[in-house]
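Colleague: Below you will find the structure I want to go over with you.
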Amino acid sequence: MDILLARERGLGRLIARHSLGWFLAANLVGVWLAALLVWPALGDFAAPLTYGRWVPLHLDWQLYGWCALPLVGLLLAWCLDRGHPAVLGHARLALGAWSLALALGGIAWLGGRSSGKIFLEWHGWSRPLLPAAMLVLWTLLGAHTWWRWPGLSGRGRGLRAALLAGLLPVPSALYWAAGRNVYPSVNPGSGGATGAALLGSTLGIVAVFGLLPLLLGVEPRRRTRWFWPTLGLGWLVFLLLDHGDTSHHEWAQITGLALLLPLVPALAFYWRSFDWHAAVRRWLLAVFGWWGLLVVNGWLSFLPGISERFKFTNALVAHSHLAMAGLLTCHGGLILTELTGRSVSWRAFVTWQVGCAVQIATLLALGWAEGLDQGAFFRSETWPHALLVVRLVAGLAMTAASVRWWWDISAA
């Protein structure tokens, strides 16, 4: 099902409603959490739904809802058989199963049922929910690929077969990783993520970025030869690096992680070789802006001396906001704009970007100050409270922008 047909038959808006619906829900929970940090007594009105019970909703709804569903929708738009009479019904089934898993997961987390592992809180009866939704999605993608197989080109067959093969083990891997017996929630024997681990996980995301224009069906304007070899070099270095319990003081780990820096301009030149829709260009600029900041911030945060100061502070929360509220949010906006042919208002777009920048700067300031004076928060001094208020105001602006995004892109 090509992207144009996805727009014509309403599939794009269906995807946008689910994606942006969870985006808005996660943002509302985030505002509530920010308010609790400013006025902890507010938690008395929601007892026993404590701060710790709300956190998984904000994190997992952002990751598995907002960050994941635009990609789920992209797979549906790319794989579904345009001639099948139940094509929209199948899309509703896949998206509905995914959203149901997120809703039931939220109920479990608010009830205190969690594995205790960040982004892997699926535990007890909620543990199989998202893997089951993933299996529903995979089954539909596989069925429609089979029905379309005779009419696909050799390249189209190869890409779809490789994608389905790569996605098949994901549900069982997620179920396995969520188990409490796999690895501890807090590992006292670990010094944190290694350069090799950070490099490998990021290269996987960059590979998705590279496939994006192909999956969206964006026509190339010229050939470029730099991106895929640069990415391949990154994977080669990843394979050669030590993957054991290595230190961030080792030059090989630092140098290996630095290879992410040249991938930013390499992807920029690669994406510029495609004929993107005019409404997408603002998202492209935002993606590269946030990604460049993310890579520089991540590499600097890994360096000896800075890593020790940032560890277990709000500076790492700022880094996660750079990744999710900055880079992946603009990546999702790019996908939904292509799928629907719609874009958000310029004011709402700028409001999100400015609010995100203010929030990240505030969190970085908090983290740096925590490294200098860890007791300031416990003494309830004025300056940490003032920064938390600024963070709350920025979060309110971002949530207001997400409401407008939902209306502009997914409203009928």
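The values are calculated or read from the model by the stated rules, or taken from the named source; none is laboratory data. Quick caveat, the model's predicted, so the values are computed rather than measured. Note: ideal-geometry Cβ built from the backbone for every residue, glycine included; neighbour counts use all protein chains shown.
Colleague: What tally of residues in the range 1-55 results from selecting those that are at pLDDT below 95 and either in contact with a His (Cβ under 9 Å, 6 or more places away or on another chain) or closer than 18 Å to A397 by Cβ (or both)?
Modeller: Residues that pass the stated criteria total 3.
Colleague: If you don't mind, another one. Inside the range 116-134, can you point out the residues that are among the small types (G, A, S), farther than 12 Å from S172 by Cα and not in a loop (DSSP other than H, G, I, E, B)?
Modeller: Result: G124, S126.
Colleague: Output yes when any residue across the range 51-68 is of a type outside the set (K, R), farther than 11 Å from L102 by Cα and either surrounded by fewer than 16 Cβ atoms within 10 Å (Cβ to Cβ) or touching a Cys at 6+ places or on another chain (Cβ under 8 Å) (or both), and no when none is.
Modeller: Scanning the range 51-68, I find at least one residue that is of a type outside the set (K, R), farther than 11 Å from L102 by Cα and either surrounded by fewer than 16 Cβ atoms within 10 Å (Cβ to Cβ) or touching a Cys at 6+ places or on another chain (Cβ under 8 Å) (or both), so the answer is yes.
Colleague: With the condition being in contact (Cβ under 8 Å) with a residue 24 or more places away in the chain, outside the structural domain of H18 (by TED's automatic domain parsing) and within 25 Å of V72 (Cα to Cα), I'd like the helices (runs of 4 or more DSSP H) fully within the range 265-365 carrying at least 1 qualifying residues.
Modeller: Correct list: 281-302, 314-321, 329-340.
Colleague: Additional query: Any chance you could count how many residues in the range 10-48 are basic (K, R) and under 15 Å from the mean Cα position of the chain (by Cα)?
Modeller: Adding up the residues that qualify gives 0.
Colleague: For the list (1) modelled with pLDDT of 95 or more; (2) out of contact with any helix residue (DSSP H, G or I) (no Cβ under 8 Å at 6 or more places or on another chain), I need the number of the one condition that G83 fails.
Modeller: (1)
Colleague: Let me ask you something else. Quick check on this structure: which one of T224, T194 is at pLDDT below 85, under 29 Å from A279 (Cβ atoms) and surrounded by 15 or more Cβ atoms within 10 Å (Cβ to Cβ)?
Modeller: The conditions single out T224.
Colleague: Moving on. Scan the range 255-275 and tell me whether some residue there is loosely packed, with under 13 Cβ neighbours inside 10 Å, modelled with pLDDT under 85 and either over 25 Å from L364 (Cβ atoms) or not aromatic (F, W, Y) (or both).
Modeller: The answer is no; no qualifying residue exists.
Colleague: Kindly indicate which of V55, V38 is touching a helix residue (DSSP H, G or I) at 6+ places or on another chain (Cβ under 6 Å), over 29 Å from S343 (Cα atoms) and not charged (D, E, K, R).
Modeller: Matching residue, one of V55, V38: V38.
Colleague: Right, something else. Quick test of your reading of the structure: D242 fulfils all but one of (1) surrounded by fewer than 16 Cβ atoms within 10 Å (Cβ to Cβ); (2) not assigned by TED's automatic domain parsing to the domain that holds F209. Name the failing condition by number.
Modeller: (2)
Colleague: Can you find a residue in the range 128-151 that is charged (D, E, K, R), surrounded by 19 or more Cβ atoms within 10 Å (Cβ to Cβ) and either in the same structural domain as Y175 (by TED's automatic domain parsing) or more than 16 Å from L75 (Cβ to Cβ) (or both)?
Modeller: Checking the range 128-151: at least one residue is charged (D, E, K, R), surrounded by 19 or more Cβ atoms within 10 Å (Cβ to Cβ) and either in the same structural domain as Y175 (by TED's automatic domain parsing) or more than 16 Å from L75 (Cβ to Cβ) (or both).
Colleague: Quick check on P171: is it assigned to a helix (DSSP H, G or I) and either over 24 Å from the mean Cα position of the chain (by Cα) or within 23 Å of L294 (Cβ to Cβ) (or both)?
Modeller: Against the criterion (assigned to a helix (DSSP H, G or I) and either over 24 Å from the mean Cα position of the chain (by Cα) or within 23 Å of L294 (Cβ to Cβ) (or both)), P171 does not qualify.
Colleague: Kindly list the number of the only condition in (1) assigned to a helix (DSSP H, G or I); (2) among the charged types (D, E, K, R); (3) over 30 Å from L80 (Cβ atoms) that fails for R404.
Modeller: That leaves (3) as the condition not met.
Colleague: Given the options G395, G371, name the one that is touching a helix residue (DSSP H, G or I) at 6+ places or on another chain (Cβ under 8 Å) and at pLDDT below 75.
Modeller: Exactly one residue qualifies, and that residue is G371.
Colleague: Further question: For the range 204-229, how many residues are assigned to a helix (DSSP H, G or I), free of Cβ contacts under 8 Å to residues at least 60 places away in the same chain and closer than 21 Å to L334 by Cβ?
Modeller: Filtering the range 204-229 down to residues assigned to a helix (DSSP H, G or I) leaves 204-216, 227-229.
Okay, now just the ones that are also free of Cβ contacts under 8 Å to residues at least 60 places away in the same chain, so 204-205, 207, 211, 214, 227-229.
Filter again for closer than 21 Å to L334 by Cβ, leaving 204-205, 207, 211, 214, 227-228.
Looking only at that region, the number is 7.
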